[in-house]
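Notes for the one structure printed next.
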Amino acid sequence: MSRRELLRAGTGLAVASVMLRPRVSLATAARDYEITPGPGRALLKGEQGGPSTNVWAYNTRIPGPEVRIRQGQPVRMVVENRLEEDTTVHWHGIRLPNAMDGVPGLTQPPIKPGERFVYEFMPPDAGTFWYHPHANSLQQLGRGLAGALIVEEAEPVQVDRDVLWVLADWRLDSDGNIAPGFGNPMEAAMSGRVGNSVTLNGSVPQDQVVRAGERVRLRLINVSLARIMALRFGGHSPVVVAIDGQPCDPHEPDGGRLLLAPAMRLDLIVDMQGEPGRRYAVIDDYYDGLAYQLTSFAYRGEKPLRVNPLDAPLRLPRNPLPEPDLQNAERHEMVLQGGMPSMRNMMGGGKMQGMSGMQGGMAGHGRAIWSINGTSMTGDGHAEMPPLITLKQGRSHYVTMRNETAWWHPMHLHGFSFRVLNRNGAPVLHNQWADTVLLAPKDTVDIAFVADNPGDWMLHCHVTDHQTAGLMTVIRVA
(Lines give C-alpha, C1' and ligand atoms only; values in the text may rest on other atoms or scores of the structure.)
Protein backbone atom coordinates (compact mmCIF):
# COMPACT_ATOMS: atom_id res chain seq x y z
CA MET A 1 0.00 0.00 0.00
CA SER A 2 1.20 3.51 -0.70
CA ARG A 3 1.51 6.05 2.10
CA ARG A 4 -1.53 7.91 0.79
CA GLU A 5 -3.57 4.71 0.58
CA LEU A 6 -2.46 3.80 4.08
CA LEU A 7 -3.45 7.10 5.65
CA ARG A 8 -6.20 8.21 3.30
CA ALA A 9 -9.00 9.71 5.27
CA GLY A 10 -11.27 11.22 2.66
CA THR A 11 -13.53 9.43 0.21
CA GLY A 12 -13.73 5.76 1.01
CA LEU A 13 -12.52 6.00 4.60
CA ALA A 14 -14.66 3.87 6.85
CA VAL A 15 -15.57 6.23 9.65
CA ALA A 16 -18.03 4.54 11.98
CA SER A 17 -20.26 6.40 14.38
CA VAL A 18 -23.46 6.01 16.33
CA MET A 19 -26.39 8.21 17.14
CA LEU A 20 -25.79 10.38 20.17
CA ARG A 21 -27.56 8.60 23.00
CA PRO A 22 -26.98 7.63 26.62
CA ARG A 23 -25.05 4.39 27.09
CA VAL A 24 -26.08 1.39 29.15
CA SER A 25 -24.10 0.78 32.34
CA LEU A 26 -22.56 -2.65 32.93
CA ALA A 27 -22.90 -2.36 36.73
CA THR A 28 -24.55 -5.04 38.87
CA ALA A 29 -25.89 -4.75 42.39
CA ALA A 30 -22.78 -6.45 43.77
CA ARG A 31 -20.52 -4.06 41.85
CA ASP A 32 -18.88 -7.01 40.10
CA TYR A 33 -18.01 -6.76 36.42
CA GLU A 34 -17.09 -9.56 34.04
CA ILE A 35 -14.63 -8.66 31.30
CA THR A 36 -13.91 -11.47 28.85
CA PRO A 37 -11.23 -11.00 26.16
CA GLY A 38 -11.73 -13.35 23.24
CA PRO A 39 -12.51 -13.60 19.53
CA GLY A 40 -15.28 -11.61 17.89
CA ARG A 41 -16.44 -10.12 14.61
CA ALA A 42 -17.15 -6.52 13.60
CA LEU A 43 -18.20 -4.48 10.55
CA LEU A 44 -15.15 -2.25 10.36
CA LYS A 45 -15.61 -1.15 6.74
CA GLY A 46 -19.06 0.25 7.38
CA GLU A 47 -20.79 -1.94 4.83
CA GLN A 48 -24.18 -3.13 6.01
CA GLY A 49 -24.58 -6.72 4.91
CA GLY A 50 -20.95 -6.83 3.82
CA PRO A 51 -18.17 -9.08 5.11
CA SER A 52 -17.29 -8.76 8.79
CA THR A 53 -13.80 -8.72 10.25
CA ASN A 54 -12.30 -11.17 12.73
CA VAL A 55 -11.29 -9.14 15.79
CA TRP A 56 -10.31 -9.66 19.41
CA ALA A 57 -12.89 -8.12 21.70
CA TYR A 58 -14.02 -7.75 25.29
CA ASN A 59 -17.36 -9.55 25.75
CA THR A 60 -17.44 -9.94 21.92
CA ARG A 61 -17.97 -6.16 21.54
CA ILE A 62 -15.95 -3.47 19.73
CA PRO A 63 -15.22 -1.44 21.80
CA GLY A 64 -15.62 -3.46 24.98
CA PRO A 65 -18.52 -2.82 27.38
CA GLU A 66 -18.74 0.70 28.72
CA VAL A 67 -18.15 0.29 32.45
CA ARG A 68 -19.65 3.02 34.64
CA ILE A 69 -18.80 3.08 38.32
CA ARG A 70 -19.05 5.61 41.14
CA GLN A 71 -16.18 7.62 42.55
CA GLY A 72 -14.84 6.17 45.80
CA GLN A 73 -16.82 2.92 45.61
CA PRO A 74 -14.96 -0.44 45.55
CA VAL A 75 -15.27 -2.60 42.44
CA ARG A 76 -14.21 -6.09 41.35
CA MET A 77 -13.28 -6.69 37.72
CA VAL A 78 -13.32 -10.43 36.97
CA VAL A 79 -11.30 -11.08 33.80
CA GLU A 80 -11.58 -14.51 32.12
CA ASN A 81 -9.11 -15.02 29.27
CA ARG A 82 -10.68 -16.67 26.22
CA LEU A 83 -7.82 -15.79 23.93
CA GLU A 84 -5.28 -18.39 22.83
CA GLU A 85 -2.46 -16.38 24.41
CA ASP A 86 -1.62 -14.64 27.68
CA THR A 87 -3.20 -11.29 28.49
CA THR A 88 -3.71 -8.74 31.28
CA VAL A 89 -5.90 -5.67 31.73
CA HIS A 90 -4.49 -2.22 32.52
CA TRP A 91 -6.99 0.28 33.96
CA HIS A 92 -5.58 3.32 32.23
CA GLY A 93 -5.46 6.50 34.29
CA ILE A 94 -6.88 5.00 37.50
CA ARG A 95 -4.80 5.63 40.63
CA LEU A 96 -4.93 2.13 42.10
CA PRO A 97 -2.72 -0.31 44.05
CA ASN A 98 0.35 -1.45 42.14
CA ALA A 99 -0.72 -5.11 42.18
CA MET A 100 -3.87 -4.17 40.22
CA ASP A 101 -2.07 -2.25 37.43
CA GLY A 102 -2.04 -5.07 34.87
CA VAL A 103 1.60 -5.18 33.73
CA PRO A 104 2.68 -8.81 33.15
CA GLY A 105 5.73 -9.84 35.15
CA LEU A 106 6.08 -6.44 36.78
CA THR A 107 2.85 -6.21 38.79
CA GLN A 108 1.13 -9.56 38.19
CA PRO A 109 1.56 -12.92 36.44
CA PRO A 110 -0.01 -12.93 32.98
CA ILE A 111 -3.52 -14.36 32.71
CA LYS A 112 -3.09 -17.57 30.75
CA PRO A 113 -5.71 -18.92 28.33
CA GLY A 114 -8.70 -20.23 30.23
CA GLU A 115 -7.63 -18.62 33.51
CA ARG A 116 -9.22 -15.81 35.54
CA PHE A 117 -7.81 -12.86 37.42
CA VAL A 118 -9.75 -10.56 39.76
CA TYR A 119 -8.83 -6.88 39.87
CA GLU A 120 -10.08 -5.04 42.96
CA PHE A 121 -9.73 -1.31 43.52
CA MET A 122 -11.58 1.80 44.64
CA PRO A 123 -11.23 4.67 42.13
CA PRO A 124 -10.43 7.90 44.00
CA ASP A 125 -11.01 10.12 40.96
CA ALA A 126 -14.06 10.75 38.83
CA GLY A 127 -13.48 11.08 35.10
CA THR A 128 -13.07 9.42 31.72
CA PHE A 129 -10.67 6.47 31.73
CA TRP A 130 -10.29 3.26 29.72
CA TYR A 131 -9.01 -0.31 29.86
CA HIS A 132 -6.78 -2.33 27.54
CA PRO A 133 -4.24 -5.19 27.55
CA HIS A 134 -0.59 -4.86 28.51
CA ALA A 135 0.48 -8.19 27.01
CA ASN A 136 1.34 -8.48 23.31
CA SER A 137 -0.03 -4.95 23.19
CA LEU A 138 0.53 -4.32 19.51
CA GLN A 139 -1.68 -7.18 18.38
CA GLN A 140 -4.16 -7.28 21.25
CA LEU A 141 -4.90 -3.55 21.20
CA GLY A 142 -4.52 -3.41 17.42
CA ARG A 143 -7.06 -6.20 16.96
CA GLY A 144 -9.67 -4.50 19.11
CA LEU A 145 -9.16 -5.01 22.85
CA ALA A 146 -10.15 -1.67 24.37
CA GLY A 147 -13.07 -0.32 26.39
CA ALA A 148 -14.20 2.79 28.26
CA LEU A 149 -14.21 3.08 32.04
CA ILE A 150 -16.27 6.02 33.29
CA VAL A 151 -16.09 7.03 36.96
CA GLU A 152 -19.10 9.20 37.71
CA GLU A 153 -19.01 12.22 40.01
CA ALA A 154 -21.32 12.36 43.01
CA GLU A 155 -22.58 15.68 41.61
CA PRO A 156 -21.95 15.84 37.84
CA VAL A 157 -22.31 19.04 35.82
CA GLN A 158 -25.76 19.74 34.43
CA VAL A 159 -26.13 18.60 30.82
CA ASP A 160 -28.90 17.17 28.70
CA ARG A 161 -26.89 14.12 27.65
CA ASP A 162 -23.60 12.42 28.55
CA VAL A 163 -22.11 10.91 25.38
CA LEU A 164 -19.02 8.78 24.73
CA TRP A 165 -16.93 8.56 21.54
CA VAL A 166 -14.31 5.81 21.52
CA LEU A 167 -12.08 6.58 18.53
CA ALA A 168 -9.90 3.89 16.95
CA ASP A 169 -8.20 3.19 13.68
CA TRP A 170 -7.52 -0.08 11.91
CA ARG A 171 -5.31 -1.25 9.09
CA LEU A 172 -7.51 -3.36 6.82
CA ASP A 173 -6.72 -5.16 3.60
CA SER A 174 -8.96 -5.07 0.51
CA ASP A 175 -11.10 -7.90 1.88
CA GLY A 176 -11.76 -6.08 5.15
CA ASN A 177 -9.43 -8.27 7.22
CA ILE A 178 -6.95 -6.86 9.71
CA ALA A 179 -3.69 -6.62 7.80
CA PRO A 180 -0.65 -8.49 9.14
CA GLY A 181 2.69 -6.86 9.81
CA PHE A 182 2.44 -5.85 13.46
CA GLY A 183 5.83 -4.80 14.81
CA ASN A 184 7.29 -3.68 11.49
CA PRO A 185 10.70 -2.22 12.49
CA MET A 186 10.50 0.57 9.90
CA GLU A 187 7.18 1.76 11.31
CA ALA A 188 8.45 1.33 14.86
CA ALA A 189 11.28 3.74 14.08
CA MET A 190 8.88 6.33 12.67
CA SER A 191 5.21 7.03 13.44
CA GLY A 192 4.05 3.53 14.36
CA ARG A 193 1.24 1.50 12.80
CA VAL A 194 -1.27 4.07 11.53
CA GLY A 195 -4.38 2.51 10.03
CA ASN A 196 -6.49 3.25 6.97
CA SER A 197 -9.94 3.03 8.57
CA VAL A 198 -11.30 5.00 11.54
CA THR A 199 -14.19 3.91 13.73
CA LEU A 200 -16.26 5.74 16.31
CA ASN A 201 -17.70 3.40 18.93
CA GLY A 202 -17.01 0.55 16.50
CA SER A 203 -20.19 1.11 14.48
CA VAL A 204 -21.14 1.89 10.88
CA PRO A 205 -21.10 5.51 9.68
CA GLN A 206 -24.05 7.65 10.72
CA ASP A 207 -24.64 11.30 11.44
CA GLN A 208 -24.65 12.33 15.08
CA VAL A 209 -28.28 13.41 15.46
CA VAL A 210 -28.70 16.36 17.84
CA ARG A 211 -31.33 18.88 18.82
CA ALA A 212 -30.76 22.61 18.69
CA GLY A 213 -30.35 24.17 22.12
CA GLU A 214 -29.29 21.05 24.01
CA ARG A 215 -26.07 20.79 26.05
CA VAL A 216 -23.97 17.64 25.65
CA ARG A 217 -21.06 16.35 27.70
CA LEU A 218 -18.91 14.64 25.08
CA ARG A 219 -16.20 12.24 26.27
CA LEU A 220 -13.46 11.51 23.70
CA ILE A 221 -11.04 8.56 24.03
CA ASN A 222 -8.36 7.77 21.43
CA VAL A 223 -7.58 4.03 21.63
CA SER A 224 -5.54 3.88 18.40
CA LEU A 225 -2.10 2.28 18.27
CA ALA A 226 -0.49 5.35 16.75
CA ARG A 227 -2.94 7.72 15.03
CA ILE A 228 -2.92 11.26 16.44
CA MET A 229 -6.09 13.27 15.79
CA ALA A 230 -6.73 17.00 15.58
CA LEU A 231 -10.47 17.59 15.65
CA ARG A 232 -12.36 20.70 14.57
CA PHE A 233 -16.05 21.04 15.30
CA GLY A 234 -17.48 23.14 12.48
CA GLY A 235 -19.97 25.76 13.63
CA HIS A 236 -19.50 24.88 17.33
CA SER A 237 -17.34 26.05 20.22
CA PRO A 238 -16.57 23.05 22.44
CA VAL A 239 -15.30 23.84 25.94
CA VAL A 240 -12.65 21.54 27.45
CA VAL A 241 -13.57 20.71 31.05
CA ALA A 242 -11.29 17.72 31.74
CA ILE A 243 -8.06 16.25 30.36
CA ASP A 244 -7.31 12.55 30.92
CA GLY A 245 -10.21 12.46 33.36
CA GLN A 246 -8.87 15.30 35.53
CA PRO A 247 -10.88 18.55 35.69
CA CYS A 248 -9.22 21.70 34.34
CA ASP A 249 -10.24 25.33 34.05
CA PRO A 250 -13.00 25.34 31.39
CA HIS A 251 -11.57 26.76 28.17
CA GLU A 252 -11.95 26.71 24.43
CA PRO A 253 -9.02 25.04 22.61
CA ASP A 254 -6.45 27.21 20.86
CA GLY A 255 -7.57 27.85 17.30
CA GLY A 256 -10.57 25.57 17.85
CA ARG A 257 -8.36 22.49 17.35
CA LEU A 258 -8.49 19.57 19.80
CA LEU A 259 -5.31 17.49 19.77
CA LEU A 260 -5.91 13.88 20.83
CA ALA A 261 -3.01 11.40 20.78
CA PRO A 262 -3.25 7.68 21.55
CA ALA A 263 -4.41 7.01 25.17
CA MET A 264 -5.49 10.63 25.73
CA ARG A 265 -9.01 11.69 26.73
CA LEU A 266 -10.90 14.95 26.63
CA ASP A 267 -14.21 15.85 28.26
CA LEU A 268 -16.04 18.58 26.36
CA ILE A 269 -19.17 20.60 26.95
CA VAL A 270 -20.83 21.34 23.62
CA ASP A 271 -23.82 23.64 23.35
CA MET A 272 -25.71 22.71 20.20
CA GLN A 273 -26.30 26.16 18.79
CA GLY A 274 -26.57 25.19 15.13
CA GLU A 275 -29.62 25.69 12.94
CA PRO A 276 -32.35 23.02 12.89
CA GLY A 277 -32.14 20.89 9.77
CA ARG A 278 -28.47 21.64 9.06
CA ARG A 279 -25.33 19.47 9.25
CA TYR A 280 -21.98 20.55 10.71
CA ALA A 281 -18.84 18.55 9.98
CA VAL A 282 -16.34 17.27 12.55
CA ILE A 283 -12.99 17.24 10.76
CA ASP A 284 -9.72 15.51 11.65
CA ASP A 285 -6.90 17.46 9.98
CA TYR A 286 -3.82 16.31 11.91
CA TYR A 287 -1.95 14.82 8.93
CA ASP A 288 -1.00 17.40 6.31
CA GLY A 289 -2.98 16.97 3.13
CA LEU A 290 -5.03 14.09 4.56
CA ALA A 291 -7.90 15.84 6.33
CA TYR A 292 -11.18 13.95 6.39
CA GLN A 293 -14.66 14.25 7.85
CA LEU A 294 -14.87 12.10 10.96
CA THR A 295 -18.61 12.60 11.39
CA SER A 296 -21.16 15.42 11.50
CA PHE A 297 -23.73 16.89 13.83
CA ALA A 298 -27.07 16.51 12.06
CA TYR A 299 -29.73 18.77 13.56
CA ARG A 300 -33.27 17.57 13.70
CA GLY A 301 -35.83 19.92 12.24
CA GLU A 302 -37.75 20.51 15.46
CA LYS A 303 -37.63 23.79 17.34
CA PRO A 304 -34.69 24.36 19.73
CA LEU A 305 -34.82 22.87 23.21
CA ARG A 306 -33.83 26.32 24.49
CA VAL A 307 -32.99 29.60 22.76
CA ASN A 308 -29.98 30.52 24.87
CA PRO A 309 -27.29 28.14 26.21
CA LEU A 310 -28.08 26.41 29.49
CA ASP A 311 -27.31 28.70 32.43
CA ALA A 312 -25.34 26.22 34.56
CA PRO A 313 -21.68 26.02 35.68
CA LEU A 314 -19.20 24.23 33.42
CA ARG A 315 -16.52 23.51 36.01
CA LEU A 316 -16.24 19.92 37.22
CA PRO A 317 -15.60 19.16 40.91
CA ARG A 318 -11.91 18.74 41.63
CA ASN A 319 -10.53 15.25 42.30
CA PRO A 320 -8.53 14.57 45.51
CA LEU A 321 -5.09 14.90 43.90
CA PRO A 322 -2.26 15.92 46.21
CA GLU A 323 -0.77 19.26 45.13
CA PRO A 324 3.01 19.03 44.58
CA ASP A 325 5.28 21.30 46.63
CA LEU A 326 7.26 22.81 43.75
CA GLN A 327 9.66 24.75 45.92
CA ASN A 328 10.90 21.63 47.74
CA ALA A 329 10.39 19.06 44.97
CA GLU A 330 13.15 16.66 43.99
CA ARG A 331 14.17 17.19 40.37
CA HIS A 332 14.71 14.60 37.65
CA GLU A 333 15.33 14.64 33.91
CA MET A 334 14.25 12.16 31.26
CA VAL A 335 15.63 12.36 27.73
CA LEU A 336 13.83 10.58 24.87
CA GLN A 337 16.13 9.47 22.07
CA GLY A 338 16.16 7.20 19.04
CA GLY A 339 14.03 6.55 15.99
CA MET A 340 14.79 7.67 12.48
CA PRO A 341 15.91 11.25 11.95
CA SER A 342 13.50 13.61 10.29
CA MET A 343 13.20 14.53 6.65
CA ARG A 344 10.75 17.09 5.39
CA ASN A 345 7.33 16.00 4.12
CA MET A 346 7.11 12.78 6.11
CA MET A 347 5.02 12.20 9.32
CA GLY A 348 5.13 13.78 12.80
CA GLY A 349 3.57 17.00 13.95
CA GLY A 350 1.26 16.62 11.01
CA LYS A 351 3.98 15.51 8.57
CA MET A 352 5.64 12.25 7.61
CA GLN A 353 9.29 12.13 8.59
CA GLY A 354 12.44 10.45 7.53
CA MET A 355 14.10 7.13 7.00
CA SER A 356 17.90 7.25 7.10
CA GLY A 357 19.98 6.10 10.05
CA MET A 358 18.81 4.75 13.36
CA GLN A 359 19.80 5.30 16.96
CA GLY A 360 19.39 2.89 19.83
CA GLY A 361 20.87 -0.47 20.65
CA MET A 362 19.67 -3.93 21.56
CA ALA A 363 17.70 -4.91 24.63
CA GLY A 364 17.23 -8.24 26.28
CA HIS A 365 13.63 -8.68 25.13
CA GLY A 366 13.73 -7.59 21.49
CA ARG A 367 15.18 -4.98 19.20
CA ALA A 368 15.53 -1.54 20.76
CA ILE A 369 15.08 1.54 18.57
CA TRP A 370 14.24 4.09 21.27
CA SER A 371 15.66 4.91 24.68
CA ILE A 372 15.03 6.96 27.83
CA ASN A 373 18.22 8.31 29.42
CA GLY A 374 20.17 5.93 27.21
CA THR A 375 18.32 2.83 28.45
CA SER A 376 15.90 0.76 26.36
CA MET A 377 13.23 -1.59 27.68
CA THR A 378 11.26 -3.48 25.07
CA GLY A 379 8.02 -5.43 25.03
CA ASP A 380 5.19 -5.00 27.51
CA GLY A 381 6.88 -5.29 30.88
CA HIS A 382 8.74 -8.10 32.58
CA ALA A 383 10.12 -9.05 35.96
CA GLU A 384 13.73 -8.10 35.21
CA MET A 385 12.98 -4.46 34.40
CA PRO A 386 15.15 -2.42 36.79
CA PRO A 387 13.90 1.04 37.78
CA LEU A 388 15.36 3.99 35.92
CA ILE A 389 14.93 6.17 39.00
CA THR A 390 13.65 5.65 42.54
CA LEU A 391 11.36 8.31 43.98
CA LYS A 392 10.96 8.88 47.69
CA GLN A 393 7.44 8.03 48.71
CA GLY A 394 5.45 11.00 49.99
CA ARG A 395 7.78 13.57 48.41
CA SER A 396 7.02 15.95 45.55
CA HIS A 397 8.92 15.32 42.31
CA TYR A 398 9.55 17.67 39.40
CA VAL A 399 10.33 15.85 36.15
CA THR A 400 11.64 17.46 32.97
CA MET A 401 11.08 15.42 29.80
CA ARG A 402 13.14 16.33 26.73
CA ASN A 403 12.21 14.88 23.37
CA GLU A 404 15.39 14.76 21.30
CA THR A 405 13.72 12.70 18.57
CA ALA A 406 12.02 13.74 15.34
CA TRP A 407 8.73 12.14 16.35
CA TRP A 408 5.69 12.78 18.54
CA HIS A 409 5.39 10.80 21.77
CA PRO A 410 2.37 10.59 24.11
CA MET A 411 4.17 9.66 27.35
CA HIS A 412 1.99 7.80 29.87
CA LEU A 413 2.78 7.31 33.56
CA HIS A 414 1.00 4.45 35.32
CA GLY A 415 -0.46 4.92 38.79
CA PHE A 416 -0.41 8.73 38.91
CA SER A 417 -1.84 11.91 37.50
CA PHE A 418 0.63 14.78 37.23
CA ARG A 419 0.44 18.54 36.93
CA VAL A 420 1.60 19.76 33.49
CA LEU A 421 3.59 22.89 34.32
CA ASN A 422 5.59 24.19 31.36
CA ARG A 423 6.13 23.50 27.68
CA ASN A 424 9.34 24.82 26.13
CA GLY A 425 9.72 27.30 28.97
CA ALA A 426 6.19 28.73 28.75
CA PRO A 427 3.62 28.01 31.50
CA VAL A 428 0.85 25.61 30.57
CA LEU A 429 -2.48 27.32 31.14
CA HIS A 430 -5.82 26.19 32.54
CA ASN A 431 -4.55 24.18 35.55
CA GLN A 432 -3.97 21.01 33.55
CA TRP A 433 -3.45 17.57 35.08
CA ALA A 434 -2.92 14.45 32.99
CA ASP A 435 -1.57 10.91 32.94
CA THR A 436 -0.44 11.13 29.29
CA VAL A 437 1.43 14.15 27.95
CA LEU A 438 2.14 14.65 24.25
CA LEU A 439 5.65 15.77 23.34
CA ALA A 440 6.21 17.19 19.87
CA PRO A 441 9.64 16.79 18.25
CA LYS A 442 12.28 18.70 20.27
CA ASP A 443 9.74 19.61 22.98
CA THR A 444 10.68 20.03 26.62
CA VAL A 445 7.84 19.55 29.11
CA ASP A 446 7.90 19.93 32.90
CA ILE A 447 5.53 17.90 35.07
CA ALA A 448 5.18 17.47 38.84
CA PHE A 449 3.39 15.10 41.20
CA VAL A 450 3.47 13.67 44.71
CA ALA A 451 4.83 10.11 44.82
CA ASP A 452 2.16 8.81 47.19
CA ASN A 453 1.54 5.43 45.52
CA PRO A 454 4.28 2.84 46.25
CA GLY A 455 5.44 0.25 43.74
CA ASP A 456 7.18 -0.19 40.40
CA TRP A 457 5.31 1.83 37.78
CA MET A 458 5.71 1.88 34.01
CA LEU A 459 6.40 5.06 32.07
CA HIS A 460 6.18 4.64 28.31
CA CYS A 461 5.18 6.11 24.99
CA HIS A 462 1.62 5.16 24.04
CA VAL A 463 2.47 4.92 20.38
CA THR A 464 2.56 1.19 20.98
CA ASP A 465 5.30 0.47 18.42
CA HIS A 466 7.53 2.96 20.25
CA GLN A 467 6.82 1.35 23.62
CA THR A 468 7.58 -2.17 22.47
CA ALA A 469 10.73 -0.99 20.66
CA GLY A 470 12.37 0.56 23.73
CA LEU A 471 10.58 3.78 24.73
CA MET A 472 9.59 2.41 28.11
CA THR A 473 11.02 2.41 31.62
CA VAL A 474 10.14 1.74 35.25
CA ILE A 475 9.86 4.31 38.04
CA ARG A 476 10.05 2.94 41.57
CA VAL A 477 8.28 4.68 44.43
CA ALA A 478 9.70 3.48 47.75
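Descriptive notes on the structure:
- DSSP beta bridges in the chain [antiparallel fraction, %, rounded to 5]: 75 percent
- Å³ per residue enclosed by the Cα convex hull of segment 57-123: 84 Å³
- Sulfur and carbon atoms: percent of accessible area, segment 220-262 [1.4 Å]: 44 percent
- Matching label, Cα Rg over 2.2 N^0.38 Å computed from the structure shown, candidates (i) 1.10; (ii) 0.92; (iii) 1.61: (ii)
- Separation of alpha-carbon centers, segment 274-299 and segment 169-224, rounded to whole Å: 15 Å
- Taking chymotrypsin sites (Phe, Trp or Tyr not before Pro) across segment 222-301, none is in a DSSP loop with at most 14 further Cβ atoms lying within 10 angstrom of its Cβ.
- Close amide-amide hydrogen proximity is noted between L314 and no other residue 5 or more places distant or on a separate chain, at a cut-off under 5 Å (H modeled in the peptide plane; Pro and chain starts excluded).
- Whole-Hz ³J(HN,Hα) from phi, Karplus 6.51 cos²θ - 1.76 cosθ + 1.60, for segment 86-93, glycine and proline x: 4, 8, 8, 10, 9, 9, 5, x
- Inter-label distance, nm, simple model (7 Å from Cα along the C-beta direction), N328/D32: 4.6 nm
- Cα gyration tensor, segment 434-478 - rounded (a/c under 1.5), prolate or oblate: oblate
- When the Cα positions of V445, V103, Q73 are compared along the charge dipole of the chain, V445 comes out farthest toward the positive end, with charges on each C-beta of Lys, Arg, Asp and Glu.
- Charge dipole of the chain (Cα centre as origin; +1 on each Lys and Arg Cβ, -1 on each Asp and Glu Cβ, all else neutral): 740 debye, rounded to the nearest 20.
- Cα gyration tensor shape of segment 358-478, rounded if a/c is under 1.5, else prolate or oblate by comparing a/b with b/c: oblate
- Residues listed by number, segment 117-155, amide nitrogen under 19 Å from R315 label point at 7 Å toward C-beta: 126-127, 153-155
- Along segment 435-443 the Karplus relation, 6.51 cos²θ - 1.76 cosθ + 1.60 evaluated at θ = phi - 60°, assigns HN-Hα couplings of 10, 9, 10, 8, 10, 6, x, 6, 5 Hz to successive residues, with x for each Gly and Pro.
- Förster-model FRET efficiency, 25 Å R0, V239 and K442, C-beta, rounded to 0.05: 0.25
- Cα gyration tensor shape for segment 377-438, rounded if a/c is under 1.5, else prolate or oblate: oblate
- For segment 61-175, the fraction of C-alpha pairs farther apart than 19 angstrom is 49 percent.
- Sites excluded, GluC sites (Glu not before Pro) in DSSP loops with at most 11 other C-beta within 10 Å, longest stretch of the chain: 85-301
The values are calculated or read from the model by the stated rules, or taken from the named source; none is laboratory data. What you see is a predicted model, and the numbers here were worked out from it, not measured in a lab. Virtual Cβ from ideal backbone geometry, glycine too; neighbours counted across all protein chains shown. Calculation scope for accessible area: heavy atoms of the full protein, side chains included, ligands and nucleic acids excluded. Shrake-Rupley method; radii C 1.70, N 1.55, O 1.52, S 1.80 Å.
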